[in-house]
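**Q** Can you read through this structure? Questions will come right after.
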Amino acid sequence: MSDNTMKGRKKTAAAELPEDIICNEILTRLPIKYVVRFKTISKYWQSLLSAPEFVKQHRICSAIRNPNDHDYVIAKKYNKIYMLSRYKEKYLLPASNYQLIGSINGLVCLGSGRKLALWNPAIHQYKEFTLPPSSDYKFDYSMGLGYDAANDNYKVVVLSADLRSASVYKSGSDSWSDITVAHNIFSKNALEKRTPTTIVKDCPYWTCSRLSHDEKIVVSLGVVKFDATSDKFKLLPDIMACRPNYKLHYKFVDMTDGLSLIVLEERSTDHFMLDIYSLEGDEGCGAWIKMRSMGPIDFQKRQSSVSVLQVFNQTT
């Protein structure tokens, strides 16, 4: 058989390869840097590789094949935004002019004034949008980022100043809609001026607390969840129902796709206890269970423990 005949057969075989095989079995396995390069080949490739279904499938495939590449968080630290992993940290951009609202699936939501942006640092692309004209907000704590996996929609929720309504932005339709907030959601405790919110399973959680008259003791500590699929708010059980009311440093975090609470409790001037709680059962009527306790920690003898306080006070 001649070389020309063999070359002809190879070309025919390649031409007959179905498009769904090319997309689902070949292109979804490529590193993101090659996907970005292939977008420049033609308008057809640009459209193919930018399709929401392909982007979603590529993300899922990449997470399965390279789990360590997705084991990171986007965080604001020392007035800068970093990508943090267990091995290293990568500086992304200064945060002096931006508020970090949240990050899901590698997509970062940033805000400045009335302008917002969804930014993908992996492919260096972003989408800008603005708050609705009717929005009455306070930027320092009233925003959260969520993801509706059922409809492949990223959502930004903005609470009103009186916490009785909210505006929800949907990336799929590039539009805002208004929703009401039940009167009992934020009535008991004050919404803490802390951003970004804690994000667990693609839903943002706000911390709500009430202090004693001298502002030294946490009397009540709760969490409000925004369900990114149903666009509804839910008030979770009060954590203070299961522990003494000592002076606390605390932070709600995502641990293995579950909402957890890290508490640094001050027992004396130099001695602290570190407790980790997890919310067990249904979010509406579940209970906070202590999973682990460490201490007492003497900060004078263990200077490295000061880093724990730095995490609470300087990293959001």
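The values are calculated or read from the model by the stated rules, or taken from the named source; none is laboratory data. Small disclaimer: the values here were computed from a predicted structure and weren't measured. Quick reminder, even Gly has a Cβ in these numbers, built from the backbone with ideal geometry, and neighbours come from all protein chains shown. Each accessible area value is taken on the protein alone, full model and side chains, heavy atoms only, with ligands, DNA and RNA left out. Shrake-Rupley method; radii C 1.70, N 1.55, O 1.52, S 1.80 Å.
**Q** Has segment 186-193 got any residue that is open to solvent by 40 Å² or more (accessible area, probe 1.4 Å), at pLDDT 85 or above and part of a strand (DSSP E or B)?
**A** No.
**Q** Among the residues of segment 198-214 satisfying the criterion of being modelled with pLDDT of 80 or more and assigned to a loop (DSSP other than H, G, I, E, B), which is surrounded by the fewest Cβ atoms within 10 Å (Cβ to Cβ)?
**A** Among them, the one singled out is K201.
**Q** Which of the residues belonging to segment 27-51 are part of a helix (DSSP H, G or I) and among the polar types (S, T, N, Q)?
**A** T28, Q46, S47, S50
**Q** Okay, next question. Which number in (1) modelled with pLDDT of 75 or more; (2) outside any loop (DSSP other than H, G, I, E, B); (3) more than 21 Å from N105 (Cα to Cα) marks the one condition that M6 misses?
**A** (1)
**Q** Being farther than 21 Å from S171 by Cα, open to solvent by less than 50 Å² (accessible area, probe 1.4 Å) and at pLDDT 80 or above is the filter here; which residues of segment 42-71 pass it?
**A** Listed by number, the list holds a single entry, S42.
**Q** Only one residue in D270, D275 is surrounded by fewer than 18 Cβ atoms within 10 Å (Cβ to Cβ) and either farther than 16 Å from G286 by Cβ or modelled with pLDDT of 85 or more (or both). Which one?
**A** Residue meeting the stated conditions: D270.
**Q** Restricting to segment 234-265, name every residue that is open to solvent by 30 Å² or more (accessible area, probe 1.4 Å) and modelled with pLDDT under 70.
**A** Correct list: A241, C242, P244, N245, Y246, K247.
**Q** If the Cβ limit is 6 Å and pairs must be 6+ apart or interchain, which residue in segment 27-41 that is closer than 15 Å to H124 by Cα and open to solvent by 70 Å² or more (accessible area, probe 1.4 Å) pairs with which residue that is among the small types (G, A, S) and modelled with pLDDT of 80 or more?
**A** Correct list of pairs: empty, since none qualify.
**Q** Taking the residues in segment 104-116 that are touching a Leu at 6+ places or on another chain (Cβ under 9 Å) and surrounded by 17 or more Cβ atoms within 10 Å (Cβ to Cβ) as candidates, determine which candidate is farthest from L49 (Cα to Cα).
**A** Filtering first and then ranking leaves G111.
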